[in-house]
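First comes the structure, then the notes that go with it.
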Amino acid sequence: MRTGISRGLRVGLAATLAVATVGFARTSHAAPSPKDAELIDEANHTIAVYQRTDPGIEQFLRRGVGYVVFPGAGKGGLGIGGAHGTGVLYENGAPVGKVTMSQVTIGAQAGGQEFSEIIVFQVPKPMNDLKGGNTSLAAQVSAVALTAGASAKAKFRNGVAVFTATKGGLMLEASVGGQKFSFAAF
């Protein structure tokens, strides 16, 4: 025979367990911070701009296993230069983390420029290397400037393709080689 107390205790324990389970699920998949949510919005806007300029970009992104979108990066230099930007890594079309890019260059260069960049990963290895902190773009990887039809000309090299669009400024140098990346999950 069951008493009202034991039934109440069972209901109370079940409710506590349900709340704890929901709380654990929320903390294990926490929503991005407001700053990260703003970065994701900027990255989504950048993707939309690229797709309006070249509708073929959408298909190119779908062919990849993932991609990083840098909505706004800056570079500048006079002989010695540098670049820096923060972006979003997408896997299966969903944002999974924040990527920071930095670059130091030496050589013929002058000026300053703001640009956006999308790096598409054809195969998992370079994307997993990025997530593990073991990635830099080699000098052989060249960026395709965003224009109508750019995706038709783009080719994967070593499992990576890069698209860039100038947002402002003038920089007499267009290399992406030497870019180094760090990753933090949302």
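The values are calculated or read from the model by the stated rules, or taken from the named source; none is laboratory data. Owing to the predicted nature of the structure, the values given are computational and were not obtained by experimental measurement. Heads up, the Cβs are rebuilt from the backbone with ideal geometry, glycines too, and the neighbour counts pull from every protein chain shown. Side chains are part of the model used for accessible areas, which takes the heavy atoms of the whole protein and leaves out ligands, DNA and RNA. Shrake-Rupley method; radii C 1.70, N 1.55, O 1.52, S 1.80 Å.
A few remarks follow.
- Contacts under 8 angstrom Cβ, first residue in segment 42-65 being farther than 13 Å from Ile119 by Cα and open to solvent by 50 Å² or more (accessible area, probe 1.4 Å), partner in a loop (DSSP other than H, G, I, E, B) and among the aliphatic types (A, V, I, L, M), 6 or more apart: Thr53/Leu146; Thr53/Ala148
- Looking only at segment 167-181, and only at residues there that are at pLDDT 70 or above, open to solvent by less than 60 Å² (accessible area, probe 1.4 Å) and not small (Gly, Ala, Ser), the one that is farthest from Lys98 (Cα to Cα): Gln179
- Test: residue in segment 130-140 that is surrounded by fewer than 13 Cβ atoms within 10 Å (Cβ to Cβ), modelled with pLDDT under 70 and more than 19 Å from the chain's Cα centre (by Cα): yes
- Taken together, Gly8, Gly72 contain a single residue that is farther than 22 Å from Pro126 by Cβ and either modelled with pLDDT of 95 or more or in a helix (DSSP H, G or I) (or both), which is Gly8.
- Subset of segment 54-73 (residues that are of a type in the set (Gly, Ala, Ser) and within 16 Å of the chain's Cα centre (by Cα)): Gly64, Gly66, Gly72, Ala73
- Members of segment 66-100 that are closer than 16 Å to Gln113 by Cβ and among the aromatic types (Phe, Trp, Tyr): Phe70
- Residue within segment 92-103 that is over 30 Å from Glu58 (Cβ atoms), open to solvent by 50 Å² or more (accessible area, probe 1.4 Å) and modelled with pLDDT under 95 present: no
- Test for Val120: is it part of a strand (DSSP E or B), closer than 18 Å to Ala48 by Cβ and either modelled with pLDDT of 85 or more or within 18 Å of the chain's Cα centre (by Cα) (or both): yes
- Count of segment 144-166 residues which are among the hydrophobic types (A, V, I, L, M, F, W, C) and either within 14 Å of Ala48 (Cα to Cα) or surrounded by fewer than 14 Cβ atoms within 10 Å (Cβ to Cβ) (or both): 6
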